[in-house]
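Provided herewith is a single structure, encoded as structure tokens, for subsequent inquiry.
The values are calculated or read from the model by the stated rules, or taken from the named source; none is laboratory data. The shown structure was predicted, so the numbers you read here are calculated from the model rather than taken from an experiment. In this analysis, Cβ positions are derived from the backbone assuming ideal geometry, glycine residues included, and neighbour counts consider all displayed protein chains.
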Amino acid sequence: MTTDVAVISLGGTIAMGRRGDDGLAVSLGATDFARLLSERRPDLEVSGVNLAHRDSSELTMDDLAILADEIAHVAAAGVRRVIVTTGTDSLEEIAFGLERVVPDGVTVVVTGAMRSPTLESHDGPANLVAALSVLSSPSRESLGVLVVMNDEIHGADFVRKSHATSASSFTSYPGPLGWVANDEALLVTRPTHRRARLPLPLEETPRVVPLLTTYLGDGGHALRALASTPLDGVVIEAFGSGRLAPGTAEVARELASRLPVVIASRTGAGLLERSTYSAAGSEGRLFAAGVLNAGWLTGVQARLLLELGLRTGATKDLPRLFEQFQT
Ligand code: ASP
């Protein structure tokens, strides 16, 4: 029988069924999720692949590379609908990364659970069934990568985990693309286009691309300390629409002459300005020194894009990659 929907599992709370002496551990996997969905929709052939059994804090960029290859592999075998289950802590990065590389014609829904199966309010099965509802929506057009949590449908580039424990933790700026009701997906809006597409495979060679935040009274100590270590690039979350504290700005400008330095807004939403202010660490002075502008990306997204760009050999194309998030 040909597979209609492939479930790929990485671990996370959605897969945690046991409480050992030192806390919850992963005990469920893709075959359990595939069975649950097949019971719900016996007309569909659902297959399962376990790629990892880990808390999402333990996943790596190499896991993302392996996941992207697996999706390309099932897509090449004709599967057009994929559910990825993973931990919610880094779920937004998994979704944002996949959106760059998943082949056209395939829809991937990433989901997880905020509450473990040991709790009565466990949201894993509901999120899985909602994910399947989205993939079964009649339009059947390819939607790229989506996140479905708590009956809401989010675009991969806009979603973020915005609460530590709430079942409604996943939100989007400017808002979700739709929701699930009566086992059906209502997509009321959609992204204009897929940005910053990158070719597979993603090199499985680790890159050193740290993420820092500027803050009131930031004297630049962290960036100065980093600058004397081997680095492939760095992303700094700037104040508001693009300022760094003077000490950090000075090191950032110097560093930008030898490796990619990117700034994103630490506010988590909105577009950086280009040359509005005259402060010592202003955006205009940073960009004039070659610092890259992450546009409306969050720091976490900008860091991921920079590492993916480096892993796909797009080193010279980095400004063009980031420009796609400035409009
Ligand atoms: N610690 C979990 C994780 O793997 C949290 C979750 O999945 O909700 O990210």
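Which members of the stretch 233-264 meet the condition of being over 26 Å from the mean Cα position of the chain (by Cα), part of a loop (DSSP other than H, G, I, E, B) and surrounded by fewer than 18 Cβ atoms within 10 Å (Cβ to Cβ)? Quick ask: steps written out before the conclusion?
Here is the first cut: in the stretch 233-264, the residues over 26 Å from the mean Cα position of the chain (by Cα) are 245-251, 253-255, 257-258.
Subset that is part of a loop (DSSP other than H, G, I, E, B): 245, 257-258.
Within the stretch 233-264, 257, 258 meet the criteria.
Return yes or no: is residue 70 under 30 Å from residue 23 (Cβ atoms), within 15 Å of the ligand (Cβ to nearest atom) and either touching a residue at least 40 places away in the same chain (Cβ under 8 Å) or touching a strand residue (DSSP E or B) at 6+ places or on another chain (Cβ under 8 Å) (or both)?
Numbers: under 30 Å from residue 23 (Cβ atoms): yes; within 15 Å of the ligand (Cβ to nearest atom): no; either touching a residue at least 40 places away in the same chain (Cβ under 8 Å) or touching a strand residue (DSSP E or B) at 6+ places or on another chain (Cβ under 8 Å) (or both): yes.
Judged against the criteria, residue 70 is not a match.
Next up: Do you know which residues across the stretch 282-313 are surrounded by fewer than 17 Cβ atoms within 10 Å (Cβ to Cβ) and either under 16 Å from residue 253 (Cβ atoms) or of a type in the set (A, V, I, L, M) (or both)?
Taking the stretch 282-313 first, the residues surrounded by fewer than 17 Cβ atoms within 10 Å (Cβ to Cβ) are 284, 288-290, 313.
Residues satisfying the conditions are 284, 288, 289, 290.
Here's another thing I want to ask about it. Checking residue 258 against (1) over 27 Å from residue 90 (Cβ atoms); (2) touching a strand residue (DSSP E or B) at 6+ places or on another chain (Cβ under 9 Å); (3) among the basic types (Lys, Arg), which test does it fail?
Condition not satisfied by residue 258: (2).
I would also like to ask the following. When you look at residue 157, is it charged (D, E, K, R) and more than 13 Å from the ligand (Cβ to nearest atom), yes or no? Write out each step before concluding.
On the way: charged (D, E, K, R): yes; more than 13 Å from the ligand (Cβ to nearest atom): yes.
Taking the combined requirement at face value, the residue satisfies it.
List pairs: first residue in the stretch 75-93 and within 16 Å of the ligand (Cβ to nearest atom), second residue aromatic (Phe, Trp, Tyr) anywhere in the structure, Cβ distance under 7 angstrom, at least six positions apart or on different chains.
Between residues of the stretch 75-93 that are within 16 Å of the ligand (Cβ to nearest atom) and residues that are aromatic (Phe, Trp, Tyr), the close pairs are 85/33.
Among the residues of the stretch 124-150, write down those that are crowded, with 19+ Cβ neighbours inside 10 Å and outside any helix (DSSP H, G or I).
143, 144, 145, 146, 147, 148, 149, 150
So, residue 119, is that one at negative phi, within 15 Å of the ligand (Cβ to nearest atom), of a type in the set (A, V, I, L, M, F, W, C) and touching a Gly at 6+ places or on another chain (Cβ under 7 Å) or not? Don't jump to the end; show me each part of the working.
Values: at negative phi: yes; within 15 Å of the ligand (Cβ to nearest atom): yes; of a type in the set (A, V, I, L, M, F, W, C): yes; touching a Gly at 6+ places or on another chain (Cβ under 7 Å): no.
Here the answer is no, as residue 119 does not meet what is asked.
Take the residues in the stretch 78-113 that are surrounded by 21 or more Cβ atoms within 10 Å (Cβ to Cβ) and among the basic types (Lys, Arg), then tell me which one is farthest from residue 29 (Cα to Cα).
100
Given the options 176, 191, name the one that is touching a His at 6+ places or on another chain (Cβ under 8 Å), within 18 Å of residue 92 (Cβ to Cβ) and in a loop (DSSP other than H, G, I, E, B).
Numbers: 191 fails: touching a His at 6+ places or on another chain (Cβ under 8 Å).
None of the others qualify; the one that does is 176.
Can you work out which of the residues in the stretch 94-104 that are more than 16 Å from the ligand (Cβ to nearest atom) and touching a helix residue (DSSP H, G or I) at 6+ places or on another chain (Cβ under 7 Å) is nearest to residue 191 (Cα to Cα)? It would help to see each step written out before you state the result.
Taking the stretch 94-104 as the starting set, the residues that turn out to be more than 16 Å from the ligand (Cβ to nearest atom) are 98-104.
In the following step, the residues that additionally are touching a helix residue (DSSP H, G or I) at 6+ places or on another chain (Cβ under 7 Å) were identified as 98, 100-103.
Values: 98: 15, 100: 14, 101: 16, 102: 16, 103: 17 Å.
Out of the qualifying residues, it is 100.
Given 212, 231, which one is under 18 Å from residue 307 (Cβ atoms) and out of contact with any strand residue (DSSP E or B) (no Cβ under 8 Å at 6 or more places or on another chain)?
On the way: 212 fails: out of contact with any strand residue (DSSP E or B) (no Cβ under 8 Å at 6 or more places or on another chain).
Within the list 212, 231, the selection yields 231.
All but one of (1) at pLDDT below 95; (2) surrounded by fewer than 22 Cβ atoms within 10 Å (Cβ to Cβ); (3) closer than 30 Å to residue 303 by Cβ hold for residue 19; state the number of the condition that does not hold.
Looking at each condition in turn, residue 19 falls short on (3).
Another question, then. Looking at the stretch 265-281 only, could you name the residues that are in a loop (DSSP other than H, G, I, E, B) and surrounded by 20 or more Cβ atoms within 10 Å (Cβ to Cβ)?
Here is the first cut: in the stretch 265-281, the residues in a loop (DSSP other than H, G, I, E, B) are 266-281.
Matches in the stretch 265-281: 272, 281.
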